[in-house]
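The values are calculated or read from the model by the stated rules, or taken from the named source; none is laboratory data. Computed from a predicted model, the values in this text were never measured in an experiment. Cβ coordinates were reconstructed from backbone atoms using ideal geometry, including for glycine residues, and neighbour counts include every protein chain displayed. The protein model used for the area step is the full one, side chains on, heavy atoms only, and it has no ligands, DNA or RNA in it. Shrake-Rupley method; radii C 1.70, N 1.55, O 1.52, S 1.80 Å.
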Amino acid sequence: MNDKVVLPVWTVGLFIVIMNTTMFNVSIPSIIGDLQISADLGAWVISSYSIGYALSTVIYSRLTDIVPLRKLLTIGLLVLGLSSVYGIFAHSFGALLTARILQSAGAGVMAGLGLVLASRYVPIERRGSAIAMISAGSAMAFGLGPIVGGLISEYFGWNGLFAITCLVLVILPVLFRLLPKEDPQPFRFDLIGAILTVINAATILLAVTQLSMIWILVSVVSFLLHAWHLRRGKETFINPDLLRNHDFRKLVVIGFCVLVLNLGNLFLMPLVLANLFHRSAMEIGLTIAPGAILSAFLTRFVGRWIDTYGNLRFLLIGHIVLSMVMLLFYAVVGTSSIVVLVGYICFSPAFSATLSSLNNETSRILPKTLIGSGMGLMQLIQFCGGSISVAVCGILLEVQTHTSLALSYQHVYGLLLLIGLVSIGMLLWYQSSGKRVRQAET
């Protein structure tokens, strides 16, 4: 496989898929007004896609152990592309929600297979650059999504957003031709384990977003059932060997925290700019864009630096920068929109470098037989962290009824700062345990 050709094309596809998340954020007010629905229902346009995307990501990743990549890619992008065509003509809330759920069922193929592809076919000495390129596509999509969404919504209406995602139907034949042919491997697919994984993720997200004790109890029961299934099952959907790997467990916690910081910040920044500084959707997008563009520009250098200096060094540097930006926002986010602009210029490249280093380190510690399931589980937990972060940030803002807006945002950023410090602590623990292992081996 010529990864110098395949990975840039793949990154474009992933950019479209990730941008499909953020494009709709700025269009929610228009959707609520056009369809005459409540704000709670409007939020499901975003959350349904996020939940489905996270779940489909781990399913596609797990299936890479038994199904050829080209077949999975074809199924996923056809589902995504055709559901996007359907969404162009959606004029009711039911049709819109159906289109978004179907989109999420196909969209996970790009994230789920991308890291597996890089881990499986790119040599270790160049893998950091490859994963950095994929991560930069995600980072840029997070930043440019609001701009593209604002432009399209303003001139073509929110249905026009679906037309952008239809472009994956153009990318599909190109990638199908470039990807290597693989033979299917004999393997028993654990359908019960897959269903339990979906229920685990969905119920915990519903418990947080709905603040429902019933959903919390359902979630606890589903996790207990899944634990029982893992103990008695063979070739389970979630490989128990991953859960026994101490290093993998630490990296999973770090990945969860990093996505909490990223999506929490991306949720808060537009609110700060709109509510404190009265910026329009276009102005918000233009404030966020420089950080995303810089992140994409630095991709080629970050990848080389990771390959040269190692994952752990950049994981630590990235964590420090992310936490410093959270500290800046906690201290002075309400003083000027320039603070948000400068902060995200630092935040976005740091997040991209951190995520690239994290994914590369994960692929390094896992045996080849566990890369597909391991990277899929890592991404599922990451996206769950991001979804939970958005929900919790929204709840915290809502309950601060007797606090000024600026102080409310500072309080939430204080919580994100705490999460960043926890992640740094976990990273230092991971580094120290690795040193002890290496010393014992010598």
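Considering the range 330-340, the residues that are open to solvent by less than 70 Å² (accessible area, probe 1.4 Å) and polar (S, T, N, Q) include one that is farthest from residue 12 (Cα to Cα), namely 336.
In the range 84-96, is there at least one residue being touching a residue at least 12 places away in the same chain (Cβ under 8 Å) and closer than 23 Å to residue 197 by Cβ? The answer is no; no qualifying residue exists. Being among the aromatic types (Phe, Trp, Tyr), within 28 Å of residue 296 (Cβ to Cβ) and open to solvent by 30 Å² or more (accessible area, probe 1.4 Å) is a condition met by no residue of the range 351-372. Residue check: residue 109 meets all listed conditions (1) modelled with pLDDT of 75 or more; (2) in contact with a Lys or Arg (Cβ under 9 Å, 6 or more places away or on another chain) but one, namely (2).
Take the residues in the range 298-329 that are of a type in the set (A, V, I, L, M, F, W, C) and at pLDDT below 80, then tell me which one is surrounded by the most Cβ atoms within 10 Å (Cβ to Cβ). In this case the residue turns out to be 302.
Table: residues versus (1) surrounded by 18 or more Cβ atoms within 10 Å (Cβ to Cβ); (2) over 26 Å from residue 239 (Cβ atoms).
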{"position": "342", "(1), (2)": "no, yes"}
{"position": "383", "(1), (2)": "yes, no"}
{"position": "404", "(1), (2)": "no, yes"}
{"position": "420", "(1), (2)": "yes, yes"}
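Restricting 431, 400, 379, 410 to residues that are of a type outside the set (Gly, Ala, Ser), open to solvent by less than 60 Å² (accessible area, probe 1.4 Å) and without any contact (Cβ under 8 Å) to a residue 12 or more places away in the chain narrows the list to 400.
Select from the range 277-297 the residues that are open to solvent by 40 Å² or more (accessible area, probe 1.4 Å) and outside any helix (DSSP H, G or I) and write down the one among them that is nearest to residue 404 (Cα to Cα). It comes out as 278.
Within the range 57-99, can you find the residues that are among the aliphatic types (A, V, I, L, M), surrounded by 19 or more Cβ atoms within 10 Å (Cβ to Cβ) and more than 22 Å from residue 32 (Cβ to Cβ)? Once the filter is applied, which keeps residues that are among the aliphatic types (A, V, I, L, M), surrounded by 19 or more Cβ atoms within 10 Å (Cβ to Cβ) and more than 22 Å from residue 32 (Cβ to Cβ), the range 57-99 yields 58, 59, 63, 69, 72, 73, 77, 79, 80.
Filtered by the rule that a residue be under 20 Å from the mean Cα position of the chain (by Cα), modelled with pLDDT of 80 or more and surrounded by fewer than 20 Cβ atoms within 10 Å (Cβ to Cβ), the range 2-52 gives 8, 9, 12. With respect to residue 80, determine if the residue is of a type in the set (A, V, I, L, M), within 20 Å of the chain's Cα centre (by Cα) and at pLDDT 85 or above. Yes; evaluated as a whole, the condition is true for this residue. Of a type outside the set (Val, Ile, Thr), open to solvent by 20 Å² or more (accessible area, probe 1.4 Å) and over 23 Å from residue 308 (Cα atoms) - does that describe any residue in the range 117-139? Checked against the condition, which is being of a type outside the set (Val, Ile, Thr), open to solvent by 20 Å² or more (accessible area, probe 1.4 Å) and over 23 Å from residue 308 (Cα atoms), the range 117-139 yields no hits at all. Based on what the data block shows, is residue 421 at pLDDT 80 or above, out of contact with any Pro (no Cβ under 9 Å at 6 or more places or on another chain) and assigned to a helix (DSSP H, G or I)? It is true that residue 421 is at pLDDT 80 or above, out of contact with any Pro (no Cβ under 9 Å at 6 or more places or on another chain) and assigned to a helix (DSSP H, G or I).
How many residues does the range 216-232 hold that are over 25 Å from the mean Cα position of the chain (by Cα) and touching a residue at least 24 places away in the same chain (Cβ under 8 Å)? Counting residues in the range 216-232 that are over 25 Å from the mean Cα position of the chain (by Cα) and touching a residue at least 24 places away in the same chain (Cβ under 8 Å) gives 3. When the range 203-222 is filtered for residues that are at pLDDT 80 or above and either of a type in the set (Gly, Ala, Ser) or open to solvent by 30 Å² or more (accessible area, probe 1.4 Å) (or both), the ones remaining, listed by number, are 204, 207, 213, 214, 215, 216, 217, 218, 219, 220, 221, 222.
The residues in the range 233-248 that are crowded, with 18+ Cβ neighbours inside 10 Å and more than 24 Å from the chain's Cα centre (by Cα) can be counted, and the count is 1. Within the range 326-342, the set of residues being part of a helix (DSSP H, G or I) and touching a residue at least 40 places away in the same chain (Cβ under 8 Å) comprises 326, 327, 329, 330, 331, 337, 340, 341.
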